[in-house]
Amino acid sequence: MRNLCIVVGTRPEAIKMAPVYFALQESSVLHPVLLSTGQHREMLDQAFASFSLVPDHDLHLMQPGQSLADITARVISRVHDYLTETRPAAVLVQGDTTTVLATAMAAFYAGIPVGHVEAGLRTYDPQNPWPEEMNRRLVAPITQWHFCPTQQSREHLLSERIEESKCYVTGNTVIDALLWIRNKLDRENRTSDEVAARVGISDAFNQRFLSDDASRWILVTGHRRESHGSGFVQMCDGILRIVAEHPDVGILFPVHLNPHVRQPVMEKLGNHDRIELVDPAGYEDFVWLMDRCLFLLSDSGGVQEESPSLGKPVLVTRDTTERPEGVAAGTCRLVGTDPQKIFAEADLLLSDSNELARRRRLKNPYGDGSAAQQIRTVLERSLCDR
Ligand code: UD1
Ligand code: UDP
């Protein structure tokens, strides 16, 4: 058995790597070792818990209000120590966070090959998303196996002169994760009372919106660094206009734990009877909520990929996206952080039921749920000559 070190640091990495970890557990030649950098804390632990995952080792690196330089330096140094001590056959990283770039650099310094899950996403604008676009670009030349979610992401890598033989189109592992959780939810039959109690949703909001199938409510998330400051203030103004002009509509907003997000959101939206602000939800409950909302307003990468599988349109509060497939398919629409634009696009979905129905029927371009198995097969062949 050869050890393969899966390194994760934040909520989306844990969700998207869980299927890869499970697929590798079934291998007779590779053994997954799960290393947490702890770049996130509560939100990472919540995501691990949804899949009953326990890291083999946790570096506990998060500090409140950490700067990019700080967390980058700490991840490089501590992951490097871990890798030189344990010498896995390869390291796997996922996505575009600081954990990803810093781990890839640590592995490079330790002479250990890197596999990159969700490779080749690009906006070609270094400021959007910031710093994630640059993280992805810098990881590419270090990477030995590029696991691309779509043909388009593979094309990006080929245009950057990455060898074709290193690129594999597998779909996105988030679809594997989503299907896994949906099957679990189908078996469990959770009620709105249970979800509300766990997520901390008030009785009043639960009774009026969640437990009433005829009610209309929008699920909101947001955290992007390029929107910190005025972007979040404007986004909140857009939300306030939606509830002002649609007196039957509710907003449920699980607020990211980054203080740069919480401060403006709490201040602007904390005092409205149809706007419910809660802490981040566990992944299973969040999927349950996505399944029942009318549509989403979000800047999240994962949400853009998941929503087509649930038939939920997403208004994306960003100016660009490295996930153009969802926009091309019609499920996602870029609305930026301009309050007028946010209101206009939400108003269209709230006022035109045909348009809402049309955007609910679209097919998911991000894969069929077999990405993790495909990744395992590639790694077994490469590392164990099978
Ligand atoms: C990070 C990633 C971003 C990813 C997002 C997913 C980078 C540069 N950013 O952004 O790409 O989309 O995670 O959510 O890697 N905090 C807590 N508890 C938590 C998590 C965060 O208190 O569980 C607070 C801390 O004060 C922390 C701050 O949020 O210092 C920022 O966390 P950080 O991981 O640096 O950035 P995110 O904005 O979460
Ligand atoms: N998510 C969650 N709970 C929440 C909000 C989001 O479990 O309260 C999930 C969501 O379904 C998606 C992932 O977290 O799979 C996205 O994480 P985030 O938006 O933090 O990061 P991004 O995808 O933008 O990198």
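The values are calculated or read from the model by the stated rules, or taken from the named source; none is laboratory data. As the structure is a prediction and not an experimental result, all values here were calculated from the model. Positions of Cβ are generated from backbone atoms using ideal geometry, with glycine treated the same way; all protein chains shown enter the neighbour counts. Remember, those area values only see protein heavy atoms, side chains included, never the ligands or the DNA or RNA. Shrake-Rupley method; radii C 1.70, N 1.55, O 1.52, S 1.80 Å.
Taking (1) open to solvent by less than 20 Å² (accessible area, probe 1.4 Å); (2) within 25 Å of Arg323 (Cβ to Cβ); (3) assigned to a helix (DSSP H, G or I) in turn, Phe253 satisfies each apart from (3). Taking helices (runs of 4 or more DSSP H) as the structural unit, those lying wholly within the range 299-383 and holding at least 3 residues that are without any contact (Cβ under 8 Å) to a residue 12 or more places away in the chain and away from ligand 2 (no atom under 14 Å from the Cβ) correspond to 339-351, 353-360.
Look through the range 277-286, keep the residues that are open to solvent by less than 20 Å² (accessible area, probe 1.4 Å) and within 16 Å of the chain's Cα centre (by Cα), and return whichever of them is nearest to ligand 1 (Cβ to nearest atom). Of everything passing the filter in the range 277-286, Pro280 is nearest to ligand 1 (Cβ to nearest atom).
When each of Leu269, Leu289, Leu297 is tested for being more than 22 Å from the chain's Cα centre (by Cα), over 18 Å from Ser153 (Cβ atoms), away from ligand 1 (no atom under 16 Å from the Cβ) and hydrophobic (A, V, I, L, M, F, W, C), the lone residue that passes is Leu269.
Filtering the range 159-204 to residues that are under 30 Å from Pro113 (Cα atoms), open to solvent by 50 Å² or more (accessible area, probe 1.4 Å) and either in a loop (DSSP other than H, G, I, E, B) or without any contact (Cβ under 8 Å) to a residue 60 or more places away in the chain (or both) leaves Ser159, Glu160, Arg161, Glu163, Glu164, Ser165, Val169. Only residues that are touching a strand residue (DSSP E or B) at 6+ places or on another chain (Cβ under 9 Å), in a helix (DSSP H, G or I), open to solvent by less than 30 Å² (accessible area, probe 1.4 Å) and away from ligand 2 (no atom under 15 Å from the Cβ) were counted in the range 262-276, giving 1. If the condition is being of a type in the set (Asp, Glu) and surrounded by fewer than 24 Cβ atoms within 10 Å (Cβ to Cβ), then the range 1-44 contributes Glu26, Glu42. Only residues that are buried (at least 24 other Cβ atoms within 10 Å of the Cβ) and not acidic (Asp, Glu) were counted across the range 107-120, and they come to 6. Of everything in the range 154-172 that is among the hydroxyl-bearing types (Ser, Thr, Tyr) and in contact with a Cys (Cβ under 9 Å, 6 or more places away or on another chain), the residue that is farthest from Arg381 (Cα to Cα) is Thr170.
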